[in-house]
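The values are calculated or read from the model by the stated rules, or taken from the named source; none is laboratory data. Fair warning: this is a prediction, and the values are worked out from it, not measured in the lab. Cβ: placed from backbone, ideal geometry, glycine included. Neighbour counts: every protein chain shown. Only protein heavy atoms, including side chains, enter the accessible area calculation; ligands, DNA and RNA are left aside. Shrake-Rupley method; radii C 1.70, N 1.55, O 1.52, S 1.80 Å.
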Amino acid sequence: AILAGGLGTRLRSVVADQPKVLAPVGGKPFLTRLLDQLQGAGVTSAVLCTGHLGDQVEAAFGGAYHGMRLTHSRESEPLGTGGALRAALPALGSDPVLVLNGDSYCQTDLDGFWLAHAASGADASIVVTRMPDVSRFGSVAMDPDLRVRRFDEKAAVSGEGWINAGIYLVGRRLLEGIPTGRAVSLEHEMFPRWLDARLCADFSECP
């Protein structure tokens with residue numbers, strides 16, 4: 001699942017008439033970078049969770065991308081990252097579900113991430129990456145066994161640390177527990193709740 005429904009508020013001056021996943025990067029829509037990454041890892045089917053100007057995403061990509069089947073799950077009103085993922089669940093056939101934020105790119109080893117998740121026995125796993133200053137992003141605190149214990153908000157901590165890289169593997173049981181009918185933040189509402197389950201981290205070096 002690619003969470004591609006953001007309003008792109010900070011990009012309005014550059015791509016006011018486009019959803020941010022279609023913003024050109026190196027001459028191609030940013031979304032192609034994520035789809036290429038999934039295809040390179042052997043993913044054969046993806047669900048695009050869209051919202052604002054989602055008709056443009058569907059018009060640009062249709063139902064397939066280089067042999068990868070695409071399904072469009074478009075929200076009629078803003079549901080947040082968690083709400084959009086919950087609404088798309090009927091179209092997602094795997095367990096766990098691989099989730100990517102549609103507004104960031106991390107050149108991580110998705111095969112290795114899957115293997116680490118399977119070996120850990122975690123209910124959900126999150127890719128984290130090291131940053132010299134976490135104050136702009138918020139940080140992720142972990143035990144030595146890589147179990148996530150705490151999420152610190154932006155500006156609550158500073159200095160070097162680990163941040164959320166926007167790539168997750170989440171079991172269907174957890175996804176089914178996301179509230180319906182309202183906006184839900186995956187990062188701010190569900191992840192802290194899932195700490196009581198087993199949420200683990202996987203390291204990545206994101207250029």
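Summary of computed values
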read-out	value
Odd one out for HIS72 among (1) open to solvent by 20 Å² or more (accessible area, probe 1.4 Å); (2) under 20 Å from TRP114 (Cβ atoms); (3) outside any helix (DSSP H, G or I)	(2)
The range 109-121, residues that are of a type outside the set (D, E, K, R), open to solvent by 20 Å² or more (accessible area, probe 1.4 Å), under 15 Å from ALA41 (Cβ atoms) and touching a residue at least 12 places away in the same chain (Cβ under 8 Å)	GLY112, TRP114, ALA116
Whichever residue in the range 122-159 is charged (D, E, K, R), in contact with a helix residue (DSSP H, G or I) (Cβ under 9 Å, 6 or more places away or on another chain) and part of a strand (DSSP E or B) and, among such residues, is surrounded by the fewest Cβ atoms within 10 Å (Cβ to Cβ)	ARG150
Considering residues of the range 89-108 that are open to solvent by less than 10 Å² (accessible area, probe 1.4 Å) and assigned to a loop (DSSP other than H, G, I, E, B) only, the residue farthest from GLY51 (Cα to Cα)	CYS106
Residue list for the range 166-193, restricted to those being open to solvent by 10 Å² or more (accessible area, probe 1.4 Å) and part of a helix (DSSP H, G or I)	ARG172, ARG173, LEU174, GLU176, GLU187, HIS188, GLU189, PRO192, ARG193
Enumeration of residues in the range 52-63 that are open to solvent by 60 Å² or more (accessible area, probe 1.4 Å) and under 20 Å from the mean Cα position of the chain (by Cα)	GLU58
Failed item in (1) more than 27 Å from ARG198 (Cβ to Cβ); (2) open to solvent by less than 50 Å² (accessible area, probe 1.4 Å); (3) of a type in the set (Val, Ile, Thr), with VAL47 passing the rest	(1)
